[in-house]
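The values are calculated or read from the model by the stated rules, or taken from the named source; none is laboratory data. Quantities reported herein were computed from a predicted structural model and do not represent experimental measurements. We place every Cβ from the backbone using ideal geometry, glycine too, and count neighbours over all the protein chains shown.
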Amino acid sequence: MNARFVWRRAFAALAWPGILGLALLLIAAAVYLYQVQPKAAQLAGLKQDSASLKLRIEQAAKSGIPETSDQEELNKFYGFFSDTALSDWLEKLYAAAAKQKLVLEQGEYRVTPSKNGKLVRYQITLPVKGSYLQIRQFVAQALSEVPVAALEDISFKREAIGATEVETRIKLTLFLGADRVEKH
């Protein structure tokens, strides 16, 4: 039999759905060979690197390496959090809200000292009402201008689908030197 005749007969038997299925099967095989297998090999390499790093960390911990090698660097670190008073950071936070025309309603404030006593977590929970864009810009500006702040949680609530105003609950934490909070 002629090879051409065999191919024509096979294509005729498959019809368009069969030919399309074969084409998709070939494409899937190509994607697997050129995309999935290299990524799987890369993942295996990363897992091996991770295991190696974990082993090195455990060995370093057992060897008795001191926690801090340079006390001056550690003092600079803690000094960063003690340079500015709490009232100055709060003022910047309220200015960021005012710039976005947001009113910060009565919030919840809580102080939590750290284990070593050098840092304090000043947690602020603020209920805010405004447009999503105003709130997003407020949070971005606050985190930019208050480098000791961290956004812990944010939740949005909208009364109706078409409402432009969003009720938001923003939870920020300011990390401060213990001496900066005790004075206030």
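Below, the figures for the structure above:
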read-out: Any chance Glu58 is surrounded by fewer than 12 Cβ atoms within 10 Å (Cβ to Cβ) and not assigned by TED's automatic domain parsing to the domain that holds Ser144; value: yes
read-out: Residue list for the stretch 106-135, filter: farther than 17 Å from Thr173 by Cα, free of Cβ contacts under 8 Å to residues at least 24 places away in the same chain and charged (D, E, K, R); value: none
read-out: Index of the failed condition, Ala97 passing every other in (1) surrounded by 10 or more Cβ atoms within 10 Å (Cβ to Cβ); (2) not assigned by TED's automatic domain parsing to the domain that holds Tyr132; value: (2)
read-out: Any hit, the stretch 60-69, residues being more than 20 Å from Gly117 (Cβ to Cβ), at pLDDT 80 or above and among the polar types (S, T, N, Q); value: no
read-out: Of the criteria (1) surrounded by 10 or more Cβ atoms within 10 Å (Cβ to Cβ); (2) out of contact with any strand residue (DSSP E or B) (no Cβ under 9 Å at 6 or more places or on another chain); (3) outside the structural domain of Leu126 (by TED's automatic domain parsing), which one Asp88 fails; value: (3)
read-out: Residue in the stretch 140-175 that is modelled with the highest pLDDT, counting only those that are hydrophobic (A, V, I, L, M, F, W, C) and more than 22 Å from the chain's Cα centre (by Cα); value: Val166
read-out: Members of the stretch 110-126 found to be in a strand (DSSP E or B) and loosely packed, with under 14 Cβ neighbours inside 10 Å, listed by number; value: Arg110, Thr112, Pro113
read-out: Checklist (1) of a type outside the set (D, E, K, R); (2) within 30 Å of Phe175 (Cβ to Cβ); (3) assigned to a helix (DSSP H, G or I) applied to Thr84, failing item; value: (3)
read-out: Hits in the stretch 129-157 (condition: aromatic (Phe, Trp, Tyr) and either crowded, with 18+ Cβ neighbours inside 10 Å or assigned to a strand (DSSP E or B) (or both)); value: Phe138, Phe156
read-out: Only listed residue being out of contact with any Lys or Arg (no Cβ under 9 Å at 6 or more places or on another chain), under 30 Å from Asn75 (Cα atoms) and of a type in the set (S, T, N, Q), chosen from Ser131, Ser114, Ser144; value: Ser144
read-out: In the stretch 128-146, the residues that are over 14 Å from Leu104 (Cβ atoms) and in contact with a helix residue (DSSP H, G or I) (Cβ under 7 Å, 6 or more places away or on another chain); value: Glu145
read-out: Residues located in the stretch 158-173, provided they are outside any strand (DSSP E or B) and in contact with a strand residue (DSSP E or B) (Cβ under 8 Å, 6 or more places away or on another chain); value: Arg158, Glu159, Glu165
